[in-house]
Structure formats: structure tokens, C-alpha cells
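The values are calculated or read from the model by the stated rules, or taken from the named source; none is laboratory data. Note that the coordinates shown come from a computational prediction; the quantities given were computed from them, not determined experimentally. All Cβ positions, even for glycine, are placed from backbone atoms using ideal geometry, and neighbour counts span all protein chains on display. Accessible surface is based on the protein model in full, side chains and every heavy atom, while ligands, DNA and RNA are left aside. Shrake-Rupley method; radii C 1.70, N 1.55, O 1.52, S 1.80 Å.
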Amino acid sequence: MAEEKKYKAVTYEKGEEAKTAVLMEETRVFEPPKELVEQSNVWQWMQKKGFTDEREMRKWTVDHLEEFWGEMANEYADWDVPFKTVLDWQPPYAKWFPDGKISMTYNCLDRHVKTWRRNKVAYIAVGEPVDDVRLFTFWDLYREVNKLANGLKSLGVEKGDRVSIYLPMIPELSIAMMACAKIGAVHSVVFSGFSAKAYGDRVKDGESVVSITCDGFWRRGKTVPLKAQADEGIADAPSVRNQIIYRRTGQDIPWNEGKDIWWHDLIKDQSRECESLPMDPEDRLYILYTSGTTGKPKGIEHAVGGYCVGPPQTLSWVFDLKEDDVWWCAADVGWVTGHSYIVYAPLQLGMTGIMYEGSPDFPDMGRWWKIIEDYGVTVLYTSPTAIRMHMRAGEEWAEKYNLSSLRLLGTVGEPINPEAWIWYRKNIGADKLQIMDTWWQTETGTFAISPLPITPLKPGSATLPLPGFGVEVLDEKGEPVPLGGGGNIVQTKPWPAMLRAFWKDPERYMSTYWEYYWDTHPGYYLAGDKARKDKDGYFWVQGRIDDVLNVAGHRIGNSEVESACVSYPEVAEAACIGKPDEVKGEVIIAFCALKAGVEETEDLKKAIRTHVGEDLGKIAMPSEIHFVADVPKTRSGKIMRRIIKSKAMGKDVGETSTLSNPEAVDAIPTIV
Ligand code: WTA
């Protein structure tokens, strides 16, 4: 294993507008240990099929798309009516398994309670207050879901109706989602950290008939009054007939007679049995609004059938879950990561999972590591931002706990800088665990580019398209880029858990994802991300198309510059934006948050600039560096470059309620 790291500067050819700058060359490779490979789910499948080579296997699945997904659909889901057709593809509309019938909730719960798994723990629900722990078996979930589903029916909720859910990270959120799925209602979950207005906008857009919330929840030792916020949001939402309130904290709440009903009153006399309605595979399972990084939120629609297949299959293959694993996806159910990999996929696989309500720093930065020690977590999945936050706090927190139960790690949400990757492996993974860097989106529903337990890893690369995923990097003309080149991430084939539509906006669905390459390649999905492929064909995601800098005609991923800044020892976090420049088109401005106790000096600014210049080449050197206390981020950890840029350029920053730290925006200096 080569332990040395090297960055390579490249030369640019004039006029090659579309060429993405290939700046970062990471040469370390981490081979998977033989023991991991040989026991892995994917390896077992390969043995059965006679594959010995990973690349060959990945290719075969794409060349035999329908055969592959047809087999996976029968392996990972139980069908009420078996399908005969795997795929009906009329670009840009796909129907997966269209002539079958299936129920998501049946697959998550009903089928398990018929087996020995009925008393297996499904959720270890760790509340933020220390010692507030609740265990839910599959049977518990089954009964609670049935009672709530019957309760929803008693309120007149019917198949196809939308139900908005505004709940924190408690199992009742998962229960509410599965209760909707059980009767064919379409859930629309809104992250509990969003503002009243953000909730209201989404309820109104979806015309939900019921709102489900709770009195409040815990965050950093204090209670957040969620019910009052929900009321404010839906005050002018005429479609909402009823609001169901779960009692979590016991705090006082405002009450709307005739509309509000306590969760415990609603389910009190309901039967513990409720039929899981067999659905057409194209019936909608949920709407999820994207995080709002680009103006008005879009309601992404997901369909039941394909979604009963993609999430469990990808979870089983990538994170290799076994019956005795303890899975912890430390995201929030309010995002797609939680929908797919806290709620549906792990329950479908019959897994035991952690659900943690609170903040990673409560009561101190050791909380996550304590949870891992207390419950013997075996697989941990989190975001680069969370890793950098732990990095900033110092490895001494993790050192206090026994993390030896862990056997695999993962990340999602943004490109991970090699610095954080190595820290994660070394300090959380005992210097030996493989890290699954999964690239995907709300729209894809599941991982699409990701390593498998059998894949050699390069820190910072999401490696290769998953089996059954046709993913390519194309130039502006629609040609695949040569190895070493960069361009747009495109999915060339449909996949089961793909988005089906934008709620009430078919035109935007077409223009956002399909129009770009329609003339040459109808049916190619434009992901909106840039990536480059290295000489081994590994994908290096550089960030959103709209986040790519253009300095003197050369495109440079913001994340690459940020990564280089963060690799300077004194820098904890960085955000880079492009500032319009008469000569170069754009110059790079970096906002850097320093590690605790580091003094902000002009010399340090110079040193960081020089360091970035050395790491990435002069072209990527920020022309200015500004020190800030914190970098504005969304609740899911994405650096909000659009907002940072507006503030720095002295423009209106717009809505900031989607941020986890709106005060950080105020601290961004105006630099024009
Ligand atoms: C980014 C989250 C690099 C990407 C599941 C994508 C990533 C957007 C990665 C989707 C990764 C996600 N490496 N970038 N491993 N994973 N992204 O919809 O820009 O909240 O388009 O879904 O996050 O964000 P979303």
C-alpha cells in the first residue's frame, strides 16, 4: 500500500471550455482485507454466478440490466402479485415491475413478524437526555404502525392522500411513515429543523390532508417547541383537516379544538391489525422536497415498487449487513438518507439499527462514541462534515471509548477530503476499516456510485458505478470523457429507485434532468454534479455544476480548493466561492475557520495560500483568504456557497432557515 500522497498540477489547453481541471491526484490505495471480501454478500453472489473479477461483474449487471434487477427484486422483496415485466422505459418515464403488486410496510414489518424476527430489536432509540433509551422490536413497530394506520383511516385518510410529517429523530417518525405506506397514503416528511414557514410551504404545495407532529423535542439539552411551529406553518393551509400530535417532552402546547388530536388518543381504541394494502408499483410512496440549495424546493416523487428493491439491495451489498449487525446511519430521517437507510432498507432487511435524537456534542463530543460502545454498533454511516467536526474536536474523545465492535464505515453528502477520510479510518476505524464513500441524491433514492466491500479504495473517491447503474462522465457534447478527464455525471440507464416526477411540475422535471443531452442521448439523466475519472476509471466527485469555479477558463471544483485549505494543519473548515474578475473571469475567495486556539494572522493567510498553490497548482490559489468563526451549512451539512457568495457580494441572501448556523452568514464579510 502506497502511503505517500501526491498532488499533480496540470497544464491547460486553451479553448477547451468543457474540460474540468484535473488537479488532485491521490495515489494511496487501500486494498480490502481478504476476510472482509470472502464473507461479503456481494462476493457470495459473485461466487454463485461464477464471477471472479469485480469490474467484469459490475459491467455484466449493466449489460443485463433487466435480468439483474429482476433477480434482485425477487431476492430483496416479497410481492403480493409477482411481476412479469421488469422495466417499461419511455424516456424520461420509467415503470419498474409494472404488472406486480407490492406493499412497502408488508416488506418492512409484516413479513418479519411471521418469523423468529418478531421479537428482534428493530430500533434502539437513543433520546438526547442521557439514559432515555427505548427498544422497539419488529412486533412493537408492527402493532404501533397498525394502530396509527387505523387511526389515519378513521380520520378519512385514503390511498393517494398526502400526509405531512414534521417529527424529530424518534421512532414515531418511522412509524408514521410506515402507517401511511400501509394504507397507500403518500407521506411528505419535512426535516424538524426547518422553520415554520418552510414546513407550511411544503404542506401547502403538497395539499396534505393531515399533519403529524409532536409537542417538542430535545436539542442540546433544551426543548424545541415543534407543535407551535407546526401551527404557525399550517395556519393558512386549508387542505389540512387534522393534526396528530405525539407527546414527546410533555411541554405545554397551543391547542386547536376540532383540528388537533393527540396521537395516544387516536390510537387508544384502534385494532392492532391492519391490512397492508397491495399497491401498484408505480403508486407513489412519498414526496420529499430537496434541501432548497437552489431556490424553490422541488417535490421529488418516489414510487413504491422500485423503492422496495433499490434501498435494501444497495444496503446489503455496500454495507454488507448481516443478521447480527448493529447498523447506525447517523443522518436525519428528514433527508433522503434517513428515508432510505434509517427507515425502509434496514427494516426490510430485518436489521437492528440505532436512532439517535440529539446533537453529537451533547452532553459532550464523546456522545457518538459512547453510543457505539454501549450498543456494539458494527457499521457507521455519516457525513464528511460530521467527520470534520469530530476531527476539529480532537481524537481524544473517541479514544475514551471502545469502538472495537465497528467493522465497516461510510460517508455521504459531499466529497470527502482525503484528510478527513484518513482521520476517520485511523481514529474511528482503528487504522484498518474500509470506508464506503457513497455518491447519490434525493433523486436517485439509493447509492449510485460507491465502493463495495471488495473494492480497493482511494481516499476521496466514491470509486465506481454500483452494479446495475449506468453512470458516465460526459463532456458538454455528450461524449464520454477520456480517463483522466472531467465533466458531467450522467446516468445512462434507468434504475429502480429513481425519481419518477416533480410534484405538480412535469416541465421542470424534464428541463432539470433530461433536456441537457436529449438531442444526442434521450433518456440520459443529468445529475447536476461534476466529476472526473482517473486513470483507473475511479470517479472523483467535484460538487454541483453550479458550484464549479471557472478561473481563467479552467473549471476547478470548489471542493478541491476547500479540501486543500483544510489539509493545512491550522484550518478546520473552508468554503470557497468565485468572485467575478475582469481578467480571469473568476478568482477564488476562501473563507477559513481555524482550529481552536489558532491565532488569525496575515502570515497564516499567506501560508494557506502558498499551501493551496503547492497542493493544487497556482491556478487554484485563492486570491483572498478571510477568517470566519464558522462556515454556513445546511442541516445536512452542505456548505451553502450560494448564500456565502450572495453575502460576500453584498447581495440579498434570501431564505436562511434551511441552515444549521444562520448566524455564520452574518459573519461573512462583504468583499466588493
Ligand atoms: C452531493 C444526499 C460527493 C452531490 C444523499 C449530490 C456527494 C448531492 C456525495 C445530493 C458523495 C452526495 N461525494 N458528493 N459521496 N453524496 N453528494 O439530495 O452534490 O441531499 O448531487 O442527497 O450531494 O444531495 P441530497
- Query: How many percent of Cα pairs in the stretch 509-667 exceed 28 Å?
  - Reply: 26 percent
- Report, to the nearest 10°, how far helix 602-616 tilts away from the longest principal axis of the Cα atoms in the chain, using its own Cα long axis and a range of 0 to 90°. 90 degrees
- Message: Please report the net charge: other residues with Cβ closer than 11 Å to the Cβ of GLY100, K and R +1, D and E -1.
- Response: -2
- Message: If I take all pairs of Cα atoms in the stretch 130-289, what percentage of them are more than 18 Å from each other?
- Response: 56 percent
- With all protein chains present, the stretch 548-666 has a carbon and sulfur share of its accessible area (1.4 Å probe) in percent of 48 percent
- In Å³ and rounded to a whole number, note down the convex hull volume per residue for the Cα atoms of the stretch 79-191. 139 Å³
- Message: With 14 Å as the cut-off, how large is the P(r) tail for the stretch 550-631, expressed as percent of Cα-Cα pairs?
- Response: 56 percent
- Query: What FRET efficiency, computed as 1/(1 + (r/R0)^6) with R0 = 41 Å and r the Cβ-Cβ distance, is obtained for ASP361 and ASP99, rounded to the nearest 0.05?
  - Reply: 0.20
- Taking the stretch 115-219, how many lysine pairs are there with alpha carbons less than 26 Å apart, if each pair must be eight or more places apart or span two chains? 9
- Query: For GLU479 and GLU66, what does the FRET efficiency come to when R0 = 30 Å and r is the distance between their Cβ atoms, rounded to the nearest 0.05?
  - Reply: 0.65
- Calculate, in nm to one decimal, what GLU602 and SER239 gain on full extension: separation in residues at 0.36 nm each, minus their alpha carbon distance. 125.0 nm
- Note on the structure: The summed charge of the LEU109 Cβ neighbourhood (under 14 Å; Lys/Arg +1, Asp/Glu -1) stands at +3
- Please give, to one decimal in nm, the separation of the simple spin-label points placed at ALA629 and ASN402, each 7 Å out from Cα toward the Cβ. 4.0 nm
- Query: Long-range amide H contacts for LEU87: which residues qualify at under 5 Å (H placed 1.01 Å from N, peptide plane, sequence gap of 5 or more or a different chain)?
  - Reply: PHE97
- Item | Segment GLN39-LEU155, length gained on full extension (0.36 nm per residue, minus Cα span) | 36.9 nm
- At a Förster distance of 41 Å, what's the computed FRET efficiency of LYS322 paired with HIS264, Cβ-Cβ distance as r, to 0.05? 0.65
- What is the extension gain from GLU663 to ASP581, computed as 0.36 nm multiplied by their sequence separation minus the C-alpha to C-alpha distance, in nm to one decimal? 26.7 nm
- Remind me, relative contact order of the stretch 39-194 in percent, using alpha carbon pairs under 8 angstrom and six or more residues apart? 15 percent
- Here D for the chain, in µm²/s, from Stokes-Einstein with a Kirkwood Rh over Cα pairs at 37 °C and 0.692 mPa s, works out to 129 µm²/s
- Mind giving me the nanometre distance, one decimal, between the label points for GLU207 and ASP374, set 7 Å out from Cα along Cα→Cβ? 4.5 nm
- Item | Value of relative contact order over the stretch 514-659, rounded to a whole percent, pairs C-alpha under 8 Å and six or more apart | 16 percent
- Message: Please report the antiparallel percentage of the DSSP beta bridges confined to the chain, to the nearest 5.
- Response: 60 percent
- Query: Of the peptides 401-412, 198-209, how do they stack up when ordered by the mean number of other Cβ atoms within 10 Å, highest first?
  - Reply: 198-209, 401-412
- Message: Taking amide H atoms as placed 1.01 Å from N in the peptide plane, list the residues 5 or more away in sequence, or in a different chain, whose amide H sits under 5 Å from that of CYS214.
- Response: LYS227, TYR246
- Message: I need the phi-derived Karplus couplings for the stretch 200-208: 6.51 cos²θ - 1.76 cosθ + 1.60, θ = phi - 60°, integer Hz, Gly and Pro marked x.
- Response: x, 4, 6, 5, 5, 4, x, 6, 6
- Leaving out ligands and nucleic acids, note down the accessible area per residue over the chain with a 1.4 angstrom probe, in whole Å². 36 Å²
- Query: Using Cα atoms only, what is the angle between the long axis of helix 138-154 and the major principal axis of the chain, expressed in degrees (0 to 90) to the nearest 10?
  - Reply: 70 degrees
